[in-house]
Amino acid sequence: DVWNPNGKYRVVSTKPMPGTRWINLLIEQDCRLEICTQKKTILSVEEIIALIGDRCDGVIGQLTEDWGETLFAALSRAGGKAFSNMAVGYNNVDVEAANKYGIAVGNTPGVLTETTAELAAALSLAAARRIVEADGFMRAGLYDGWLPNLFVGNLLKGQTVGVIGAGRIGSAYARMMVEGFKMNLIYFDLYQSTRLEKFVTAYGQFLKANGEQPVTWKRASSMDEVLVEADLISLHPVLDKTTYHLVNKERLSKMKKEAILINCSRGPVVDEVALVEHLRENPMFRVGLDVFEDEPYMKPGLADMKNAVVVPHIASASKWTREGMATLAALNVLGKIKQYPIWHDPNK
Ligand code: DGY
């Protein structure tokens, strides 16, 4: 699809994105916008090079694309100045290579914080209360009457939620679980974020003032402390060399036998082969996964595990958020090619 064919700046979007605000913004700012409507979900490097063509000022791309040396070289040859990843995570982008070719990289933080945290909360509840298993049971026509031990799961209230990575999303999730379900909190953050400390202190005072039972909370001094103590653990680190397979066989074995593990960050943060083995050996251990090591695939055996809830990387998929991400992605491109005021640099 081509919008505003006579626009001065050529901007390419490798995928259609929700809403029209991002399209209008680019058109109003004199851009010729080309949206790739190819049916294929994941575009190859060669296909993206073809989209960039001979002249391209900026590209809006997706987390499924491999933005490395080859693509930045092609964008630079075409006179490009900006690449905007429509995601907060940018592990698919080689920022050093972009810098080398003088191309600025943007991402879309903020607008997906609550939506992603809500999905982590939804997976937590689904795993704790065995919702997917129970739904399958009903649809299969197996329900023949109430039983005292039918789909007995975990009560979250009073249990401990462990958060690994207390940035924007991890902190929003922790707040939801503490405020919503009165869970105790333990968290670990590599960057010593103080977001959660402020919240839990204020919330503790609120509970006390209202004569309600306080929740306990602590900042762990190591990740393993969280794994050992928490009943429900949610992963929210960025994916980089230090967090690849952060949750491996050894760390899985440190968790409680009936713990629940949630991952809405990036698949490779968890060693998925080790996870499948752990799920097989520990039927009371449960997981809720939004992301996978080799998307779009799951490691063999995972799809057969009754103690796993799996969804296809939809944590940010609310209408409001996806339209917001698309708008930010467009603003990022404009920020570079037209010095538009908003610019999200993932390094800041
Ligand atoms: C992100 O933004 O990084 C999510 O994985 C997709 O919204």
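Every number in this text was worked out from the coordinates using simple rules, so none of it is lab data. Everything numeric here is computed off the predicted structure, so don't read it as measured data. Backbone-built Cβ (ideal geometry, glycine too); neighbour counts: all protein chains shown.
Test residue 265 against the stated conditions and say whether it is among the small types (Gly, Ala, Ser), assigned to a loop (DSSP other than H, G, I, E, B), within 13 Å of the ligand (Cβ to nearest atom) and closer than 22 Å to residue 226 by Cα. Outline the logic, then answer.
Details: among the small types (Gly, Ala, Ser): yes; assigned to a loop (DSSP other than H, G, I, E, B): yes; within 13 Å of the ligand (Cβ to nearest atom): yes; closer than 22 Å to residue 226 by Cα: yes.
It is true that residue 265 is among the small types (Gly, Ala, Ser), assigned to a loop (DSSP other than H, G, I, E, B), within 13 Å of the ligand (Cβ to nearest atom) and closer than 22 Å to residue 226 by Cα.
Would you mind stating whether residue 67 is hydrophobic (A, V, I, L, M, F, W, C) and surrounded by fewer than 21 Cβ atoms within 10 Å (Cβ to Cβ)? When the stated conditions are applied, residue 67 does not pass them.
Quick test for you: out of 306, 299, pick the one residue that is part of a loop (DSSP other than H, G, I, E, B), over 15 Å from residue 235 (Cβ atoms), of a type in the set (Lys, Arg) and in contact (Cβ under 8 Å) with a residue 40 or more places away in the chain.
Working: 299 fails: in contact (Cβ under 8 Å) with a residue 40 or more places away in the chain.
The unique qualifying residue is 306.
For segment 98-120, a residue qualifies if it is more than 9 Å from the ligand (Cβ to nearest atom), closer than 26 Å to residue 236 by Cα and either free of Cβ contacts under 8 Å to residues at least 40 places away in the same chain or part of a loop (DSSP other than H, G, I, E, B) (or both), and the qualifying residues are 98, 110, 111.
Can you name the number of the only condition in (1) surrounded by 11 or more Cβ atoms within 10 Å (Cβ to Cβ); (2) of a type in the set (Gly, Ala, Ser); (3) not in a helix (DSSP H, G or I) that residue 221 fails? Among (1) surrounded by 11 or more Cβ atoms within 10 Å (Cβ to Cβ); (2) of a type in the set (Gly, Ala, Ser); (3) not in a helix (DSSP H, G or I), residue 221 violates only (1). Test each condition in (1) buried (at least 23 other Cβ atoms within 10 Å of the Cβ); (2) of a type in the set (Ser, Thr, Tyr); (3) more than 27 Å from residue 315 (Cα to Cα) for residue 9 and report the one that comes out false. Looking at each condition in turn, residue 9 falls short on (1).
Is it the case that some residue within segment 228-247 is of a type in the set (Phe, Trp, Tyr), over 22 Å from residue 284 (Cβ atoms), assigned to a loop (DSSP other than H, G, I, E, B) and under 21 Å from the mean Cα position of the chain (by Cα)? Yes, segment 228-247 has at least one match.
Go over the candidates 252, 328 one by one and state the one that is crowded, with 20+ Cβ neighbours inside 10 Å and within 16 Å of the ligand (Cβ to nearest atom). None of the others qualify; the one that does is 328. Within segment 309-330, residues that are within 10 Å of residue 19 (Cα to Cα) have Cβ atoms under 8 Å from residues that are within 13 Å of the ligand (Cβ to nearest atom) and part of a helix (DSSP H, G or I) in these pairs: 320/115, counting only partners at least 6 apart in sequence or on another chain. Selection of segment 1-14 for residues being touching a residue at least 60 places away in the same chain (Cβ under 8 Å) and not hydroxyl-bearing (Ser, Thr, Tyr) yields only 11. Of all residues in segment 248-262, those satisfying the criterion of being basic (Lys, Arg) and not in a helix (DSSP H, G or I) are 256, 257.
Would you mention how many residues in segment 131-170 are touching a residue at least 40 places away in the same chain (Cβ under 8 Å) and assigned to a loop (DSSP other than H, G, I, E, B)? Lay out the reasoning, then the answer.
Looking only at segment 131-170, we keep the residues that are touching a residue at least 40 places away in the same chain (Cβ under 8 Å), and these are 131-133, 154, 156, 159-170.
Filter once more, keeping what is assigned to a loop (DSSP other than H, G, I, E, B): 154, 156, 159, 165-167.
Matching residues across segment 131-170 total 6.
Here residue 83 qualifies as closer than 18 Å to residue 333 by Cα, of a type outside the set (A, V, I, L, M), in contact with a Phe, Trp or Tyr (Cβ under 8 Å, 6 or more places away or on another chain) and within 16 Å of the ligand (Cβ to nearest atom).
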